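One structure, as structure tokens, below. Some questions next.
What follows draws every value from the coordinates through simple rules; no lab data is involved. Remember, it's a predicted structure, so these values are computed and weren't measured experimentally. In this analysis, Cβ positions are derived from the backbone assuming ideal geometry, glycine residues included, and neighbour counts consider all displayed protein chains.
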Amino acid sequence: MIHEEITDFAASIAPMRPLLGLDLGEKTIGVAASDSLRATATPLETVRRRKFTTDATRLLEIANERDAGGIVLGLPRNMDGSEGPRCQSTRAFARNLSRLTDLPITFWDERLSTVAAERALLEADTSRRRRAEVIDHVAAAYILQGALDRLRNLEAGA
């Protein structure tokens with residue numbers, strides 16, 4: 001099921017199960033996972049996009065291997081907050097994925113996540129070639145960490 005609001009998503013996820021974060025690109029999908037306490041997001045891998053069925057199969061394999069309790073998809077809004085074609089594509093991907101799994105799915109505003117990931121990799125003195133290899137799943141970790149922090153704030157306020 002797809003949840004537009006993070007509060008609805010929070011109510012639907014099973015406790016003590018990690019979450020997956022996805023950074024959907026045209027050619028790749030960055031994947032990150034949290035720990036079961038949902039404190040920290042860790043970059044996992046970058047999936048090369050082929051066709052939806054192949055991509056979804058790999059993503060659901062990762063979700064199964066990690067015993068994931070939900071999926072957070074980066075939503076690439078425009079800088080003014082509006083939604084363009086990339087958001088529509090991400091929403092379509094989520095709809096198609098939700099037909100294949102019972103895991104709750106939500107969106108997280110990913111504006112500047114790739115910029116933040118690039119900056120962190122530069123600060124870590126990562127080579128240009130290595131940055132190109134890892135940027136997508138590091139960006140997925142930034143997306144997931146933002147959602148984890150928001151979920152933690154929701155719990156604290158409850």
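Work out the charge dipole of the chain with +1 on the Cβ of Lys and Arg and -1 on the Cβ of Asp and Glu about the Cα centre, then indicate which of Ser89, Thr101, Leu73 is farthest towards its positive end.
Ser89
Give the order of His3, His137 when sorted by the count of other beta carbons within 10 angstrom, beginning with the fewest.
In order of increasing Cβ crowding within 10 Å: His3, His137.
Rank-order 29-40, 140-151 by packing density, defined as the average count of other C-beta atoms within 10 Å over each peptide's residues, highest first.
140-151, 29-40
Under 5 Å between amide hydrogens, which residues at least 5 positions from Ile2 or on another chain qualify, with H placed 1.01 Å from N in the peptide plane?
Distant-sequence amide H within range of Ile2: Ile105.
If you take the square roots of the eigenvalues of the alpha-carbon gyration tensor of region 37-89 and sort them as a ≥ b ≥ c, do you get rounded (a/c under 1.5), prolate (a/b over b/c) or oblate?
oblate
State whether the chain is rounded, prolate or oblate according to the following rule on the C-alpha gyration tensor (a ≥ b ≥ c being the square roots of its eigenvalues): a/c under 1.5 gives rounded; otherwise a/b larger than b/c gives prolate, and the remaining case gives oblate.
rounded
Next up: If you take the beta carbon distance between Ser12 and Ser82 as r and set R0 to 30 Å, what does 1/(1 + (r/R0)^6) give as a FRET efficiency, to the nearest 0.05?
That pair, Ser12 with Ser82, gives E of 0.65.
If each residue of separation counts as 0.36 nm, what is the full-extension length gain between Arg49 and Arg152 once their alpha-carbon separation is subtracted?
33.9 nm
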